[in-house]
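For reference, the structure discussed in these notes is given below.
The values are calculated or read from the model by the stated rules, or taken from the named source; none is laboratory data. All values derive from a computational prediction rather than experimental measurement. Note: ideal-geometry Cβ built from the backbone for every residue, glycine included; neighbour counts use all protein chains shown.
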Amino acid sequence: MGTPLQILITDNDHGTIAEEERVLAESGLEARLVEAQCRSDDDVIAAGREADAFLVQYAPITRRVLAACPRLRVVVRYGVGVDSIDVAAATEHGVYVANVPDYCVDEVSDHALALLLALARGVVRQANACRAGRWDFRLAAPLHRLRGQVVGLLALGRISRALAAKLQPLGLEVLAFDPLLKQRQASACGVTLVTLPELLGACDYLINLAPLNAHTRHLIGADELRLIKPSAQIISVSRGGVIEDAALLQALQEGRLAGAALDVREVEPPPARDALLALENVIHTPHMAFYSEESLAQLNAETMREAVRVLQGGRPRSLVNAGVVARRV
């Protein structure tokens, strides 16, 4: 009798694995489910040497990890971004990498819209002022009518397209920078594609929805922020490393940017004395744009389904490294 299959949850802060257990039980796959809370590649290697599949939240899946886990067939990310996984090394080792790209489209686009409206109407600053006993609408000045303003989207993927559909009825013009798309694709959702300098120069609100990779890391740095009008505001809900924190802080401190709303940061959580946290014109939320009870259940279930598909001899529904297919034939 062969060694039983093993599925390792490398790390997870969702509080329960009930959905994963349910999907595994319903699949009929005979596999042992193991939980860990790995923080380093050493942790992953120690926990995963005998694993056939990894379900990964934040743990680093490095080239060293992949070399040390010879039974590994698939790595599935709890979420959309795969920047914590060495995808090229996984391909070289014949390991599928999969994600769950469609579980939180409504949640993230709703959160981006909520942050935009909070900035546009001075909601957080005024709520804090009222709590402190200051009842004066002028404390939020200057506010401007939202209709007719321009929103610039970094990337035009599923979430950006959903957000565009929510912004347009408010009378906002939507532009996007996405070098992977053609204008006809953007036009289908009423969005105009422009270059990055054109986007930065035109937008009243810049919304970061770009994935983090070698091409997008610090896509918005000091030089780019100098192209933005001083009245503009930035919203970031995808990955913190797309926007350089130090450059953003300097622009805000020097008055070259009116405000920001940040759900993601380069370092999470930021340190207690973080300078961006202290600014009154910056709204923070704790990397929660993805969250609803429904999206979390969908994420957990689909992450396990992807692992089961591979361990039952199939391919992932949302395959990240298509080049691995030729290596596995």
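Mind checking whether some residue in segment 149-160 is at pLDDT 95 or above and charged (D, E, K, R)? Checking segment 149-160: not a single residue is at pLDDT 95 or above and charged (D, E, K, R).
In this structure, does residue 222 turn out to be at pLDDT below 95 and under 20 Å from residue 246 (Cβ atoms)? Judged against the criteria, residue 222 is not a match.
When restricted to residues that are touching a Lys or Arg at 6+ places or on another chain (Cβ under 8 Å), surrounded by fewer than 18 Cβ atoms within 10 Å (Cβ to Cβ) and β-branched (Val, Ile, Thr), segment 279-326 contains 1.
Taking (1) assigned to a loop (DSSP other than H, G, I, E, B); (2) more than 20 Å from residue 296 (Cα to Cα) in turn, residue 16 satisfies each apart from (2). Within segment 184-203, being of a type in the set (A, V, I, L, M, F, W, C), part of a loop (DSSP other than H, G, I, E, B), farther than 19 Å from residue 260 by Cα and modelled with pLDDT of 95 or more holds for 191, 194.
Filtering segment 157-181 to residues that are in contact (Cβ under 8 Å) with a residue 40 or more places away in the chain and in a loop (DSSP other than H, G, I, E, B) leaves only 157. Checking each residue in segment 1-42 for being under 21 Å from residue 84 (Cα atoms) and of a type in the set (S, T, N, Q) picks out 10, 12, 37, 40.
Criterion applied to 181, 117, 139 was being at pLDDT 95 or above, surrounded by 11 or more Cβ atoms within 10 Å (Cβ to Cβ) and of a type in the set (A, V, I, L, M), and the one residue passing it is 117. Note on segment 221-322: enclosed helices (runs of 4 or more DSSP H) holding 1 or more residues that are more than 30 Å from residue 22 (Cβ to Cβ) are 222-225, 245-253, 275-278. Those strands (runs of 3 or more DSSP E) of segment 40-104 that lie entirely within it include none in which at least 1 residues are surrounded by 21 or more Cβ atoms within 10 Å (Cβ to Cβ), modelled with pLDDT of 95 or more and polar (S, T, N, Q). The listed residues are 152, 157, and the only one of them that is among the small types (Gly, Ala, Ser), surrounded by 15 or more Cβ atoms within 10 Å (Cβ to Cβ) and closer than 21 Å to residue 256 by Cα turns out to be 152.
Against the test of being more than 26 Å from residue 287 (Cα to Cα) and among the acidic types (Asp, Glu), the options 35, 19, 26 yield a single qualifying residue, 26.
Scanning segment 102-134 for residues that are over 24 Å from residue 78 (Cα atoms) and either of a type in the set (Val, Ile, Thr) or in the same structural domain as residue 320 (by TED's automatic domain parsing) (or both) turns up 123, 124.
Scanning segment 237-245 for any residue that is within 23 Å of residue 113 (Cβ to Cβ) and either outside the structural domain of residue 145 (by TED's automatic domain parsing) or over 16 Å from the mean Cα position of the chain (by Cα) (or both) turns up nothing.
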